[in-house]
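Data first, discussion second: the structure below is written as structure tokens.
The values are calculated or read from the model by the stated rules, or taken from the named source; none is laboratory data. Source: prediction; values computed, not measured. Using ideal geometry, Cβ is built from the backbone for each residue, glycine included, and neighbour counts are taken over all protein chains shown.
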Amino acid sequence: MLEVKGVTKSYGKLIAVASVSFRADYGQTIGLLGPNGAGKTTTVSLIAGLLSPDSGEVLIEGRQVKSDTDPAKLKIGLVPQDMALYDKLSARDNLNFFAALYSLVGAKARQAITEALSLVGLSDRAGDKVGTFSGGMKRRLNLAAALLHDPQILLLDEPTVGVDPQSRNAIFENLEALKKRGKTLIYTTHYMEEAERLCDRIVIIDHGKVIADDTLQGLHKMLPVTNVIVIELDHTDGFKPEQMLALSEVKSAALGQGTLRVGVHDLCRGAPGILRWLAEEGHSYHHVSSEQPNLETVFLTLTGRSLRDS
Amino acid sequence: MIPFLALVRKDLKLFFNDRRAVIVSILVPIVLASFFGYLFGGQGGNAETSKVPVLVIDQDGSDISRGLITQLGSDKNLDVKPSTLEAGREAVRKGKATAAIVIPKDFGTDAGHALFTGATKPELGVLYDPSHNVELGMVKGILSGAVMQAVSKEMFTGKSGREMVNESLAQVENSSQMPAENRKALRDLLGGVKEFNEQQDREGASGQGELSGGLSMPYQTREQAITSGQNVEYNGYAHSFGGMGIQFILFMGLDVGIALLMLRQSGLWQRLRAAPLSRTMLLGSRAVSASLIAGFLLLVLFGFARVVFGVHIRGSFAGFLGVCAAFSLMTAAFGLMVAALGETVEATRGYSIMATLIMVMLGGAWVPTFIFPKWLQKLTVIIPTRWAMDGLDGMTWRGLGFSSALAPIAVLLLFTLLFGLIAVMRFRWRTEG
């Protein structure tokens, strides 16, 4: 369906993306996860035909997009990161305009607009000027504008930036509905929870390079630990977490702000030994819990840096 | 075609939806054009102009100097007031007077002698404000006429003149070296003058006649404004509405360019570029919508000028529409070129405002180009606004035919082509990643 093969793009000496490859099939949602400046938007721009790669190719159903007016562009819908709407026009006028860009007019356009507004829950605000909309409503309309020509591939460049949790949830529901219709979604984000919720596969990009490409389960397998035991210590004076690495069950140990985080492969086998060691060493604690590692941990493991700090 | 029309319609909708901006786009040029039109002649060119303030410092106090002041004061273009040297200098320095004329001591006597004998000419001091060079020329012209009239009047019929005739008669009689024929001729001439003066005195005393006024200008001028036809008066609003229209429409074109520059950095640009639209369509639609808006503004401005100030299209209406259309296209292409050459919005705004103002200024939209130096007048033929102004003037108050509009239309279209080519070639389509 969509294949990105060894695509590289540079701006002068800056390599924005370096030999990026992945593929997306019908009905799949691919998450492009990475910190700001990782190369996600450049990758999306290359797929949408806004940029030409220095090398490599982007194939839509086996064909390259060769010109500005290539019909293959009809298969793509772009939801840009920045709001792509005219505030001074009504929602309906905006959608009428974007429909006409794909030569949709008359009854076909009206039907497409009605369906898109219905999907994003803005039918009752169709006649209002976009300038009067909340940030969340604008984001939903931004999504609707990309759906009018019924594209098979939807490129979503951080579509939830700056929206409230309720609107974010509404957008997720819209995307899940589209996924059920068999649309291919390419979703860029630096929010791991979004990628975890929506994506079938996750491509992690850092400094323009793909550093991992797998399902969520597959990515978890790359981790040295499958569970983290979180222990809140009463006192941390003189405590040295690296001493715990001597225990066979312990794969990692880190102390921060009175909280000890210990990585283990097997929670049942590891927890008793760790708690016993703490008691023997005279370190008391007042709370113990366990966590599943998430994409943040994956990114940290792969790059040595936190996703949000990058 | 559907996407192209949608792009044009959207631009027009955005412009006309912003009613405040539309009103400002129309109102501001109307206010300024009305003001400039009034200043530069108004309807019929009969607006009363203000007099040039001139101070006179009379250090002579002779009949001639008093006569000179009277002559100057009678001129309708001057507002003459007496002053002292210090006060006059200060008033000119502060810009309260355009010039101060200093009549030195013995000016009357010296000027009289210089008139007949070619003796050393006395100097009239003229202190002037260098920012009023044009008025200075006029003041000097009026001063020359007034001096000739005052001095000749006194020398032919005044007391000083009679004394000089008597002195000269005595010199002639006593001259031993002068040939007899010459002596006789001069005696007859001066005697005739003396007798004429005495007769004037007798007629003046009995109230039978008036004293002679001395030398005066031996001609009069009959001024006739050449406009579109006989009895059609010049309407200054025709030029000012053309000039201000051109200026503000160029600014509108500039806004189109800046908006395009800003659009290129926005998500909207990505969405437009993601659609199957050619680059020509994206830029072309913008050019067409900007041209339509420019044409609309020009027509509204001239419509207002027609209704309120009686500005008529005295020449070819088709030529007028042609010039408006060509200028509108040129404006749109200029806007696209600004967008193509611009780097950042702020920097582009700065240099393009400067370029626009230079085009407007050199095009004669503010002041007529005839006051420019010769070399600058020649240079203005490469300024598109000059052609637009010439075209609009020609089709409005000059009342010229369609053939006179052809050159401005052709040149404006050439500029459109040039700017459009630069825009297409230099426009950066890249979207930053």
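Summary table
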read-out	value
Residues that are hydroxyl-bearing (Ser, Thr, Tyr) and either facing chain B (nearest Cβ under 8 Å) or assigned to a loop (DSSP other than H, G, I, E, B) (or both), drawn from the range A:79-95	A:86
The range B:170-194 residues that are of a type in the set (Ser, Thr, Tyr), paired with ones that are surrounded by 12 or more Cβ atoms within 10 Å (Cβ to Cβ) (beta carbon under 7 Å, 6 or more apart)	B:175/B:183
When residues of the range A:96-145 are limited to those that are more than 14 Å from chain B (Cβ to nearest Cβ) and β-branched (Val, Ile, Thr), the one farthest from residue A:175 (Cα to Cα)	A:114
Where residue B:115 falls short, out of the listed (1) more than 16 Å from residue B:71 (Cα to Cα); (2) aliphatic (A, V, I, L, M); (3) surrounded by fewer than 18 Cβ atoms within 10 Å (Cβ to Cβ)	(3)
Single residue of the range B:391-433 satisfying the filter (part of a helix (DSSP H, G or I) and either within 14 Å of chain A (Cβ to nearest Cβ) or β-branched (Val, Ile, Thr) (or both)) that is nearest to residue B:285 (Cα to Cα)	B:424
Check on residue A:47, more than 10 Å from chain B (Cβ to nearest Cβ), outside any loop (DSSP other than H, G, I, E, B), in contact (Cβ under 8 Å) with a residue 60 or more places away in the chain and not charged (D, E, K, R)	no
Considering residues of the range A:59-76 that are at negative phi and in a loop (DSSP other than H, G, I, E, B) only, the residue surrounded by the fewest Cβ atoms within 10 Å (Cβ to Cβ)	A:66
Subset tally (residues that are without any contact (Cβ under 8 Å) to a residue 40 or more places away in the chain and among the charged types (D, E, K, R)) for the range A:69-102	5
Among the residues listed as B:52, B:56, the single one being within 30 Å of residue B:36 (Cβ to Cβ) and touching a residue at least 12 places away in the same chain (Cβ under 8 Å)	B:52
Any chance residue B:266 is of a type in the set (Ser, Thr, Tyr) and either over 28 Å from residue B:240 (Cβ atoms) or free of Cβ contacts under 8 Å to residues at least 40 places away in the same chain (or both)	yes
Check on residue A:75, under 17 Å from residue A:178 (Cα atoms) and within 13 Å of chain B (Cβ to nearest Cβ)	yes
Within the range A:129-160, considering residues that are polar (S, T, N, Q) and in contact with a Phe, Trp or Tyr (Cβ under 9 Å, 6 or more places away or on another chain), the one modelled with the lowest pLDDT	A:160
Out of B:357, B:400, B:413, B:376, sole residue that is without any contact (Cβ under 8 Å) to a residue 12 or more places away in the chain, farther than 30 Å from residue A:9 by Cβ and touching a helix residue (DSSP H, G or I) at 6+ places or on another chain (Cβ under 9 Å)	B:357
The range A:9-44, subset touching a residue at least 40 places away in the same chain (Cβ under 8 Å), within 12 Å of chain B (Cβ to nearest Cβ) and assigned to a strand (DSSP E or B), residue surrounded by the fewest Cβ atoms within 10 Å (Cβ to Cβ)	A:10
Residues within the range A:244-273 that are part of a loop (DSSP other than H, G, I, E, B) and of a type in the set (A, V, I, L, M, F, W, C), tallied	1
Failed criterion for residue A:223 (all others in (1) touching a Pro at 6+ places or on another chain (Cβ under 6 Å); (2) of a type outside the set (Val, Ile, Thr); (3) farther than 30 Å from residue A:34 by Cβ hold)	(3)
Test: residue B:376 is over 19 Å from residue B:232 (Cα atoms) and either out of contact with any Cys (no Cβ under 6 Å at 6 or more places or on another chain) or surrounded by 17 or more Cβ atoms within 10 Å (Cβ to Cβ) (or both)	yes
Entirely in the range A:128-219, the strands (runs of 3 or more DSSP E) that have 2 or more residues that are in contact (Cβ under 8 Å) with a residue 12 or more places away in the chain and surrounded by fewer than 19 Cβ atoms within 10 Å (Cβ to Cβ)	A:209-214
Spans of helices (runs of 4 or more DSSP H) in the range B:1-108 with at least 2 residues surrounded by 14 or more Cβ atoms within 10 Å (Cβ to Cβ), modelled with pLDDT of 90 or more and touching a strand residue (DSSP E or B) at 6+ places or on another chain (Cβ under 9 Å)	B:63-73, B:85-93
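Residue-by-condition table, conditions (1) free of Cβ contacts under 8 Å to residues at least 40 places away in the same chain; (2) more than 14 Å from residue A:224 (Cα to Cα):
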residue: A:239; (1), (2): no, yes
residue: A:248; (1), (2): yes, no
residue: A:258; (1), (2): yes, yes
residue: A:267; (1), (2): no, no
residue: A:271; (1), (2): no, yes
residue: A:279; (1), (2): yes, yes
residue: A:282; (1), (2): yes, yes
residue: A:294; (1), (2): no, no
residue: A:297; (1), (2): no, no
